[in-house]
Amino acid sequence: MIEEIKKGTASGYGILSGELSGNIFSVDIDGDSGRELLNKALKYQLPKTVEWTSGREGRTKLLFKVPNWASTENFKSRRTETKVKCADEPGKSEGLEIHWDGKQDVLPPSVHPMTGKYYWVNSPEKKK
């Protein structure tokens, strides 16, 4: 599998969220209304972080690590939907999802069933 990843021929791999991952969590933004929901919930600008997408309109994922000194007692996975329906996925609403214990995210360059692949918006390899 490591050789497939290095060659870029792996069909997919992911990252686990929560305590088992060393307190990594992701924010899954589904659509423009999901981004608006996140912006309304924040009292400050999020720091630049690792970000990737499937290429679907308005869809992106952000990755963060909770510092060791911070309490994760109240962290949990949750999804909040908006009233806006997904244009490319009938029956599903846009929204915002926090991934914590028991969740995993698919990472680039994994295969995506609708767009062909995931790709980095802000790679973990980029220099700050």
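Modelled spin labels at Val66 and Val106, positioned 7 Å past Cα toward Cβ, are 2.7 nm from each other. In this label model, Lys43 and Thr80 are separated by 1.5 nm, measuring between points 7 Å along each Cα→Cβ vector. Between the listed residues Ser11, Gln45, Ser71, the Cα displaced farthest toward the positive end of the dipole of the range 1-81, a dipole computed from Cβ unit charges relative to the Cα centre, is found at Gln45.
Residues whose amide H falls under 5 Å from that of Val84, counting only those 5 or more places apart or on a different chain, are Glu94, with hydrogens built in the peptide plane. Taken per residue, the accessible surface of the chain reaches 67 Å², heavy atoms only and a 1.4 Å probe.
Across the cross-link table entries Lys61/Lys83; Lys43/Lys76; Lys92/Lys126, which are compared at the Cα atoms, the separations over 31 Å belong to Lys92/Lys126.
In a reduced charge model with +1 at each Lys and Arg Cβ and -1 at each Asp and Glu Cβ, the chain shows a dipole moment near 360 debye about its Cα centre.
When the surface is traced with a 1.4 Å probe over the full set of protein chains, Leu37 keeps roughly 50 Å² accessible.
The values are calculated or read from the model by the stated rules, or taken from the named source; none is laboratory data. None of these values were measured; they are calculated from a predicted model. Here the Cβ is made from the backbone with ideal geometry for all residues, glycine too, and neighbour counts use every protein chain on show. Surface accessibility is based on the protein's heavy atoms, side chains included, excluding ligands, DNA and RNA. Shrake-Rupley method; radii C 1.70, N 1.55, O 1.52, S 1.80 Å.
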